[in-house]
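Note sheet for the following structure.
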Amino acid sequence: EKMDIDIKPEPLQPHWYECYVQPCVAELLGSTLFIFIGCLSVVEDVEGTGRLQPALAHGLALGLTIAILGGI
């Protein structure tokens, strides 16, 4: 006699670290990178770049932050 029992494991709950600490650390690192690179882009203002240099620096910093920390 063959017993066919379908045992479905309960889905694993994420660890408290993944729910609370990891997003906060990612937000802190992302904001720090964004602000740091943005401030550094205007420290040495080259003539002729105008608003383009800080805008590009902030855009690249935001893209980099999303690419690195977007999965969290």
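The values are calculated or read from the model by the stated rules, or taken from the named source; none is laboratory data. The structure presented is a predicted model; accordingly, all values stated were derived computationally and were not measured. Cβ placement follows ideal geometry from the backbone for every residue including glycine, while neighbour counts extend to all protein chains displayed. Please note that ligands, DNA and RNA were not included when accessible areas were found on the heavy atoms of the full protein model with its side chains. Shrake-Rupley method; radii C 1.70, N 1.55, O 1.52, S 1.80 Å.
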Considering only protein heavy atoms, what per residue accessible area in square angstrom results for the chain with a 1.4 angstrom probe?
91 Å²
Can you tell me the 0 to 90 degree angle between the C-alpha axis of helix 52-69 and the longest principal axis of the chain, rounded to 10?
10 degrees
List the residues, sorted by chain then number, that are 5 or more residues from Thr49 or on another chain and whose placed amide H is less than 5 Å from its amide H.
none
Cα extents of the chain along the three principal axes, largest first (Å):
86, 21, 11
Could you calculate the contour length gain from Lys8 to Gln22, that is, 0.36 nm times the residue separation minus the distance between their Cα atoms, to one decimal place in nm?
2.1 nm
Ordered by number, the GluC sites (Glu not before Pro) in the chain that occupy a DSSP loop and have at most 14 other Cβ atoms within 10 Å are Glu1, Glu44, Glu47
Under unit Cβ charges (Lys, Arg +1; Asp, Glu -1), what dipole magnitude, rounded to 20 debye, does the chain have relative to its Cα centre?
180 debye
Carbon + sulfur, % of accessible area of the chain - ligands and nucleic acids excluded, 1.4 Å:
66 percent
